[in-house]
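Bear in mind these aren't lab numbers, they're just calculated from the coordinates by the rules spelled out. Because the structure is predicted, anything quoted here is derived from the model rather than measured. For neighbour counting, all protein chains shown are included, and Cβ atoms are generated from backbone atoms with ideal geometry for every residue, glycine included.
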Amino acid sequence: MFNLIRKDIVLVKPTLMIMLPILVLSLFQGPSIYIGFLFSIAIIMSAFASDEKTSINTLLNSLPYTRKEIVSSKYIGAFIFLSLVVFTIFIGNLVIHKEITIWKEILFIVCLVMVTISLFFPFSYKFKSQYLLIGTLVLFVLYLTVVNFIFQNINDKIREFVGMLLALQSSQLYLLVGFIVTALYVCSWLLSIRIYSKKIF
Amino acid sequence: MENVIELQHIQKSFDGFQLKDLSLTVKKGFVTGFIGGNGVGKSTTIKLIMNLLQPDNGTVSIFGLNYKEHEKEIKQRIGFVFDENIFYENLTLAEMKKIIKPAYKNWDDNLFAQYVKTFELPLNKKIKTFSKGMMMKASLTMALSHHAELIIMDEPTSGLDPIFRRELLDILHDLMQDGEKTIFFSTHITTDLDRIADYITFIHKGEHLFTKEFYKIEEEYAIVKGGNELLDRDTEREFVSIRKSNHGFEALTANKKRIENIFGEMVMLEKPTLEDIMFYTKKGAEQYV
């Protein structure tokens, strides 16, 4: 399985070579939470997309790997790419702004990415990642509708909520959130294994 | 004799196609050619053997092991070649090797280098620039570089020029010399089989029609030619199927000796090609439906 993760790293290396410098550049301005989130998702999904062709699935499944390992390598790999982005942000902030990134911010990025991946991966295994855009757009339209018709100030509320989370002192709450996110990630992992085992190539 | 591949009572249905109670075995140490027309289930069968598909019913056992418990162990011992490119197009062969090599315990770099040299493959060119023939050679190189005991190939010779086809058959022939390896390959170019196949497995419309030793096919089957007056309801039953014309009939028999006894000198017997056998068997199978 370690080989599968290493393969993903080799495959996204060209992407990383472009993305990481841009990531560092974008740290000069703007909050690192959203940048960190977007870059993590972009890198993780590009690693995912490189293995989506039927012919590549034929290859991976003909090699001595089990389907469980193939799926698991993606989930562990996602975590590695996420760490890489977070690490880059941490070092970037240290060098550029001479400040140590607040651990709450890092935790926030990690949780956000993990939740997103927990939704994206099973969806992409079931359908295809190319439909993610459509799926996300549909969600976005729904979101806008909700914002316009039901709570008109949802954006402010979310901003407030994020601010509140970051301002919170209680470490117990963080533990709880961490636990929920991890549980979601593991459930998504198991679900993806289930979906992938039934696929036909 | 030991069976390397054993499929028992396999059933698998898709939309508009199904394998019905397919059972077949592949013997260790021999080359088995897997023939049948287009869309009769050859690729599906190969996918079942590779565990790319799971049967709805029935059992698949490779080296006497099942996939449920021994998936990795089985795949370690299989070399595979598919008729399409299954490598990452944007990588070079050298990069592709780096990805495949760690998957196998018995990977042999010297052997890999040797095949690359024999096939004159470029290591640093992207795979998407490869021609069909080079692609095939690259697949074969990967399949042969980890001392696999069982080589499974899906239409390896389709789209290859005749010279390389012959070279390929020679390579396969050399591989078989130690008696430990088994080759199972599907093809619809039946002349390939004349050169190397020990056994022929023939399927039609998802059904296994026969697996026979190649030389026995030549002994048992014959093309029979004679006048139409020889045919009546009883004699027609002696044939797999018959093609009649105004000048006489041509038919395939699966029992050459019996035909010799019945008709003696009145008919002409010819050695059938595999294509004849496929053609008449298909025709015969359709008549009884």
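For a footprinting-style exposure proxy, rank B:D15, B:D161 by other Cβ within 10 Å, fewest first.
Fewest to most other Cβ atoms nearby, the residues stand as B:D15, B:D161.
If each residue's Cβ is checked for other Cβ atoms within 10 Å, how do B:H188, B:H247, A:H97 rank with the fewest at the top?
B:H247, A:H97, B:H188
For chain B, with a Gaussian network of springs between Cα atoms less than 10 Å apart, report the residue from B:I62, B:I127, B:I183 with the top mean-square fluctuation.
Most flexible of the set in this elastic network: B:I127.
Putting +1 on Lys and Arg Cβ atoms and -1 on Asp and Glu Cβ atoms, find which of A:I56, B:P122, B:L274 reaches farthest to the positive end of the dipole of the protein assembly as shown.
Checking the options against the dipole of the protein assembly as shown, the answer is A:I56.
What does the convex hull of the Cα atoms come to per residue for chain A, in Å³?
Measuring per residue, one finds 137 Å³ for the Cα hull of chain A.
What's the percent breakdown of Cα-Cα distances in region B:3-216 across 10 Å bins, shortest bin first?
8, 34, 37, 19, 2
Between the helical axis of B:132-144 and the dominant principal axis of chain B, each derived from Cα atoms, what acute angle in degrees is found, rounded to the nearest 10?
70
Based on the Cα gyration tensor of region B:7-81, what are the three equivalent ellipsoid semi-axes, each the root of five times an eigenvalue, rounded to whole Å and given largest first?
So the equivalent ellipsoid measures 20, 15, 11 Å along its semi-axes.
Just want the ordering: B:S145, B:S23, from fewest to most Cβ atoms lying within 10 Å of their own Cβ.
In increasing order of surrounding Cβ atoms, one gets B:S23, B:S145.
Can you tell me the Rg and the Dmax, both Å, for the Cα atoms in region B:86-155?
So, for region B:86-155, Rg and Dmax equal 11.4, 31 Å respectively.
Would you mind pulling out the separation of the Cα centroids of region A:32-90 and region B:1-41, in Å?
36
State the Cα centre-to-centre distance between region B:91-112 and region A:123-201 in whole Å.
After rounding, the separation between the Cα centres reads 39 Å.
Round to the nearest 10 and give me the degree value, 0 to 90, for the angle of helix A:103-126's Cα axis relative to the longest principal axis of chain A.
40
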